[in-house]
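Encoded as structure tokens, the structure appears first; notes follow it.
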Amino acid sequence: MKGRILYSDVNKCIDVVNTTAVEKYKVVSKAQGLTDFQRRKKLEYKQLEDKSTENAHFVVDVDIAEFTSTKLDKQFYSILTILRHCGRIKQSRIGKVTRYILNPESTE
């Protein structure tokens, strides 16, 4: 482990990322009955997609801050580094936006 990060902290981070992805893709998968706010968010999510995130679920920092009350501090980013090292997530940077791509093979 990196520094003094506990397993419980890593598990909380995994839960936060999973919760964010579930909430985000509830909005994306809806076709009808969206409010104006949800429709704008869905268009924003579609604009963030690129070749590296095609057919993959991903979240960005803004999504995590929006859907959860988690602080995006240095410890959170170091846990994301640990998850990236273990192969649980991948990181894609295009422009100023960092996308955290969820690896479906690692969710066994």
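The values are calculated or read from the model by the stated rules, or taken from the named source; none is laboratory data. All values reported here derive from a predicted model rather than from experimental measurement. Note that we place each Cβ from the backbone using ideal geometry, even for glycine, and neighbour counts take in every protein chain shown. Heavy atoms of the whole protein, side chains included, go into the accessibility calculation; ligands, DNA and RNA do not. Shrake-Rupley method; radii C 1.70, N 1.55, O 1.52, S 1.80 Å.
Observations, loosely collected:
- Filtered residue count, the stretch 63-83, keeping only those that are more than 21 Å from VAL28 (Cβ to Cβ) and without any contact (Cβ under 8 Å) to a residue 12 or more places away in the chain: 6
- The stretch 10-38 residues that are in contact (Cβ under 8 Å) with a residue 40 or more places away in the chain, paired with ones that are among the aliphatic types (A, V, I, L, M) and outside any helix (DSSP H, G or I) (beta carbon under 7 Å, 6 or more apart): VAL17/VAL59; THR20/VAL59; ALA21/VAL59; ALA21/LEU102; LYS24/VAL59
- Hits in the stretch 73-101 - residues which are open to solvent by 80 Å² or more (accessible area, probe 1.4 Å), in contact with a helix residue (DSSP H, G or I) (Cβ under 8 Å, 6 or more places away or on another chain), closer than 22 Å to GLU44 by Cα and among the charged types (D, E, K, R): LYS90
- Against the conditions (1) free of Cβ contacts under 8 Å to residues at least 12 places away in the same chain; (2) within 30 Å of ARG4 (Cβ to Cβ), VAL60 satisfies every one except (1).
- Checking each residue in the stretch 1-57 for being among the aromatic types (Phe, Trp, Tyr) and in contact with a His (Cβ under 8 Å, 6 or more places away or on another chain) picks out only TYR25.
- Pairs, first closer than 14 Å to GLN91 by Cα in the stretch 44-55, second open to solvent by less than 70 Å² (accessible area, probe 1.4 Å) and among the polar types (S, T, N, Q), C-beta under 9 Å, six or more apart: ASP50/SER92; SER52/SER92; THR53/SER92
- Set ASN55, ASN11: member being at positive phi and surrounded by fewer than 13 Cβ atoms within 10 Å (Cβ to Cβ): ASN55
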